[in-house]
Amino acid sequence: VAHGEVVGRRGALAGLLGENDLVIAGVTNMKKYASQDFGLDQATLGLLRDLDEKTNLVVVVFGSPYSLQLFEGFNNLIIAYQDGPMYQDIAAQALFGAISFQGRLPVTASDAFDVNHGLMLPSLGRLGYSSPERVDMSSDTLERIAEVVQEMIEEKAAPGCQIVVARKGRIIYRESFGHFMYDEERAVRNDDLYD
C-alpha cells in the first residue's frame, strides 16, 4: 500500500480488491514515531479497514511493533518489524508456508496487543528460498552450472532449459537459460513449466 496514493481512489480500490477471496497488503515505508502516526495516513488505514470488511485481508506491517495500535480490530495481522527486501522475502515465505511463524511481541503496543501476543504457526513444509551457504553449499560451485548449460546450448544438445537446485527444503538456485526452440523466438522464463 503506497501511502498518499489512496486519497481519492479509496472506494474504487476497495471495490476492485474486495472482489478477491484473499488480499495481502504490505504496509511499507513507515516512520518510527507515534507522533507522526508512523507515517500512515487516514486514507490508507481507511482502505485497509474497508478491505478487512469486504474480503479475507492479511496486513503485513513492515515497521515498528508500536504501530499495531493503529491496526486494532483487523482480522489477520503480521508484524515484520523492519522494512527491506530481506524482511519482505521472509514474510512472503512465511505467508505461503515455507517457514514457520515463531514471533511474539516483545513490547506492549496497546490493550489489544500486549507483550507476548502472537500465534506460533508451523511451516507447511513447502519449499522456501535461501542462499547456498545457509544449507552448506557453495555459491561458487553453483555458478559453474551456467557454464555447463551454455556449453550444452552451443553444442545444440538442447535449445534451453531450467535448473532448480533445492537442499534442506530451500531453493538455492533457480535459473532459466536459452530458448524453447533453436529459432530463438521465445526465451525460457522461470515461470515456464516443463513436463
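The values are calculated or read from the model by the stated rules, or taken from the named source; none is laboratory data. Source: prediction; values computed, not measured. Glycine also receives a Cβ, built like all others from the backbone with ideal geometry; neighbour counts cover every protein chain displayed. Ligands, DNA and RNA are stripped out before the accessible areas are found, and what is left, the full protein with its side chains, is counted by its heavy atoms. Shrake-Rupley method; radii C 1.70, N 1.55, O 1.52, S 1.80 Å.
Ordering ALA112, TYR194, VAL61 by the projection of their Cα atoms onto the charge dipole of the chain, which places +1 on the Cβ of Lys and Arg and -1 on the Cβ of Asp and Glu, puts ALA112 at the extreme positive end.
Ranking of LEU40, LEU95 by solvent-accessible surface, largest first: LEU95, LEU40 (1.4 Å probe, protein heavy atoms only, all chains present). Most tightly packed first, judged by the mean number of other beta-carbon atoms within 10 Å of their residues, the peptides 153-160, 186-193 read 153-160, 186-193. Report summary: the helix-based calculation at 222 nm, which adds -39500 (n - 2.57) for every DSSP H run with n ≥ 4 and divides by the residues of the chain, gives -7500 deg cm²/dmol. How large a share of the accessible area of the chain, in percent, is made up of carbon and sulfur atoms when the probe is 1.4 Å and the other protein chains stay in place? The value for the chain is 51 percent carbon and sulfur by accessible area. The heavy atoms of LYS31 present about 110 square angstrom of accessible area, all protein chains included, probe 1.4 Å.
Accessible area per residue for the chain, computed on protein heavy atoms with a 1.4 Å probe, is 63 Å². Here the relative contact order of the stretch 93-195, from alpha carbon pairs under 8 Å that lie six or more residues apart, stands at 19 percent.
Given their separation in residues at 0.36 nm each and the Cα-Cα distance between them, ASP191 and ASN20 gain 59.3 nm when the chain is fully extended. At an R0 of 41 angstrom, the distance between the Cβ atoms of ALA34 and ARG174 translates into a FRET efficiency of 0.50. Note: relative contact order over the chain, using C-alpha pairs below 8 Å and six or more positions apart, is 12 percent. Structural descriptor for the stretch 1-93: relative contact order 29 percent, calculated from alpha carbon pairs under 8 angstrom and at least 6 residues apart. One Cα centroid belongs to the stretch 10-53, the other to the stretch 82-130; the line between them spans 19 Å. Working ranking of peptides 11-22, 108-119 by packing, defined as the average number of other Cβ atoms within 10 Å per residue, highest first, is 108-119, 11-22. Percent of C-alpha pairs per 5 Å bin in the chain, short distances first: 1, 7, 12, 14, 14, 12, 10, 10, 9, 6, 4, 2, 0, 0.
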